[in-house]
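Student: Just passing along the structure, written as structure tokens.
Nothing in this text is a laboratory measurement; each read-out follows from the coordinates by a stated rule. In this text, all values refer to a predicted model and were calculated from it rather than measured experimentally. Quick reminder, even Gly has a Cβ in these numbers, built from the backbone with ideal geometry, and neighbours come from all protein chains shown.
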Amino acid sequence: MQSSLVLGAALLAGCSDRKTPTAPSAPPLAATAAVDHSYTWTVKCSGDGPSDAVWVWAAAGAALASGRGTCYPSSSPISGSGVRPGAADSLRACIWQFNNARATCQSWTFDAASAFKAQLKSTSTYYFFGSKLTATATLNIAELIGSPTGDVQVTASTTGAQIDPDGYAVAIDGGAGQPLAVNGTVTFSQLSVGDHSVALSGLAANCTVSGPNPVTVTVPSGATVQTAFQITCAQVLGVIAFERWSNPGAMEIYVMNAGESGATRLTNDWNDFFNGLPAWSPDGAKIAFVSDRDGYNDNYEIYVMNADGSSVTRLTNSPGYDLVPAWSPDGKRIAFESSRDGNHEIYVMNADGSNAVNLSQNAASDGGPAWSPDGTRIAFATDRDGNSEIYIMKADGSGVTRLTRDQAGEGHPAWSPDGAKIAFERDDGSIYVMNADGSGVTRLTRSRGSDTSPAWSPDGTKIAFVTANYEIYVMNPDGSGQTSITNGGFDAYPAWRPR
């Protein structure tokens, strides 16, 4: 195919025109400095066939620079930019239509010191295999004297859940980012005419952009081009550790991203009978858990491992059962339930297993310790007043206070992250929540089976629990939106990883 400059030279030489309209013109200014100027062009087609537009900038009848654009009726208008040599004093353009040997052409002369615009429109009718076809094309060329600029307006539209209120940053061509609200607009002004890269950054991990990012936009001269980013943010439920009864008959600890399919097994010793009751360290780096791996169904002890299941270390070594580990918020201590003194009591030890101290010191059965978020109190279940009820005590074992007073038994207390609420299970098979002082008891679940083991998400927006068919569900703190996150296993005792 011939180059546009060769074709342009042919235009100047007087190629055959189907029609050559007369256009207003102005004599060139000979004294104008030879300064190159940028221009933009568009070619738009309609009708039945493609069109080819060619134009040439000239001085004293000699071609200096040219351009070319081919458009098709089914596509959007094509556009681009170029440079008009400062010495040019005239422009000639022609449009050819498919299967038509003649072109529609026009010439212009112009004042090199002024803004220049030109438009050429061509319509041709021809026959193709007996069918009458009509093609129309329009060429627009616009030029500004000086350094032409335009603007880019960037809009963000965000939907979904847990949207980051801090918004995003948007940058042009890798430059300094400008803040952009989650549903906001920012305008970059006086950008050079031509293509620019627009990039959106600062997205939270749960948010994605629909479509390309960065995106390329073409800045028009003296106008604004708009581009928009559509962002969707997914609900972030977090990572949950839990226990699962797996073949050939061992209880093992798994982790999963809540709300996603697939779980990763952390404990994997087929000689074990039980590995369960996981509890995350406050930094999410370790998991304390209970296992009978060193006694086989006869001696439950507390162990700790890395979050990936490596470096398993035994923390307790007593003749009784050591159960339900719970890390203090500062990560320095672990509260747990133990029968080492003949009945179940609440103990606390250092995170390395040393210096275990009996906190509850009561003849009744005390168990299921849960630290308050500020580390000053421990909630637990005890039958010291007849049936199992929820109590709290100070972290040193003093100041024991009863919270629940119901004929049904309560257990498994779980503090909300802000310390204002305590969720718990009741013998009627439901999950309840109450204020931290025991007031405002509210029932959250009403299933036909038994719902147990409530656990708050780190942000306080969800409560995980276990249903009668041993599946893990999550719900809102008011009991609404109950949704299964496991399916087909024998799963229990969920524990959220801290963020």
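Student: Expressed as an acute angle from 0 to 90° and rounded to the nearest 10, what is the orientation of the C-alpha long axis of helix 4-13 relative to the principal long axis of the chain?
Tutor: 20
Student: May I pose another question? When Lys and Arg each count +1 and Asp and Glu each count -1, what net charge do the other residues less than 11 Å away from Ser450, Cβ to Cβ, add up to?
Tutor: -2
Student: May I ask which residue of Gly320, Ala88, Ala156 lies farthest towards the positive end of the charge dipole of the chain, with charges of +1 (Lys, Arg) and -1 (Asp, Glu) on Cβ and the Cα centre as origin?
Tutor: Ala88
Student: Something else about it: R0 = 56 Å: FRET efficiency of Thr224 with Thr376, Cβ-based, nearest 0.05?
Tutor: With a Förster radius of 56 Å, E is 0.45.
Student: Can I ask one more? What does the net charge come to around Gln407 if you take all other residues with beta carbon closer than 11 Å to its beta carbon, with K and R at +1 and D and E at -1?
Tutor: -3
Student: Moving to a separate point now. Where q = 0.22 Å⁻¹, what log10 of I(q)/I(0) comes from the Debye formula for the range 195-330, counting one point per Cα?
Tutor: Normalising to I(0) and taking log10 leaves -1.28.
Student: May I pose another question? Just need the relative contact order of the range 149-233 here, percent rounded to a whole number, with Cα pairs under 8 Å and 6+ apart.
Tutor: It rounds to 44 percent for the range 149-233.
Student: For the residue pair Asp459 and Ser310, what label-to-label distance in nm results when each label sits 7 Å from Cα along the Cα-to-beta-carbon direction?
Tutor: 3.0
Student: Please work out the FRET efficiency for the pair Ser318 and Thr208, using the Cβ-Cβ distance as r and a Förster radius of 56 Å; give the result to the nearest 0.05.
Tutor: Efficiency for this residue pair is about 0.65.
Student: Obtain the nm distance between the two label points defined at Ser192 and Asn387 by a simple spin-label model: each point lies 7 Å from its Cα along the Cα-to-C-beta direction.
Tutor: 8.0
Student: Would you please report the Å³ per residue occupied by the convex hull of the alpha carbon atoms in the range 263-349?
Tutor: It comes to 89 Å³ per residue, whole-number rounded.
Student: Given a Förster distance of 60 angstrom, what is the FRET efficiency for Thr123 paired with Gln235, based on the Cβ-Cβ distance and rounded to 0.05? Spell out each step's value before the answer.
Tutor: On the way: r = 56 Å, r/R0 = 0.94.
Once rounded, the FRET efficiency stands at 0.60.
Student: Taking only the Cα atoms of the range 150-190, how large is their convex hull per residue, in Å³?
Tutor: 65
Student: A further question on this structure: Give me the net charge for the shell around Val43: Cβ to Cβ below 13 angstrom, other residues only, Lys and Arg +1, Asp and Glu -1.
Tutor: Here the charged neighbours net out to +2.
Student: Expressed in nm to one decimal, what extension gain is obtained for the pair Phe98 and Asp166 from 0.36 nm per residue of sequence separation less their Cα-Cα distance?
Tutor: 19.0 nm
Student: Can you find, among Ala363, Pro458, Asn268, the residue farthest towards the positive end of the dipole of the range 239-496? Put +1 on the C-beta of Lys and Arg, -1 on that of Asp and Glu.
Tutor: Final value for the positive-end residue is Pro458.
Student: Next up: Given the alpha-carbon gyration tensor of the range 149-233, what are the semi-axes of its equivalent ellipsoid in whole angstrom, ordered largest first, with each equal to the square root of 5 times an eigenvalue?
Tutor: Its equivalent ellipsoid spans semi-axes of 24, 11, 11 Å.
Student: Between (1) 19, 31, 16, 18, 14, 1; (2) 20, 48, 29, 2; (3) 18, 37, 26, 14, 4, 1, which matches P(r) over Cα pairs in 20 Å bins from 0, in percent calculated for the structure shown?
Tutor: (1)
Student: What is the total of Lys pairs in the chain with C-alpha atoms under 19 Å apart, excluding same-chain pairs fewer than 8 positions apart?
Tutor: For the chain, the number of qualifying lysine pairs is 7.
Student: Here's a follow-up. In units of 2.2 N^0.38 Å, what is the alpha-carbon radius of gyration of the range 329-480?
Tutor: 1.01
Student: Also, I was wondering about something else. Using the Kirkwood formula over every pair of different C-alpha atoms, what hydrodynamic radius in Å results for the range 239-496?
Tutor: Evaluated on the range 239-496, it is 18.2 Å.
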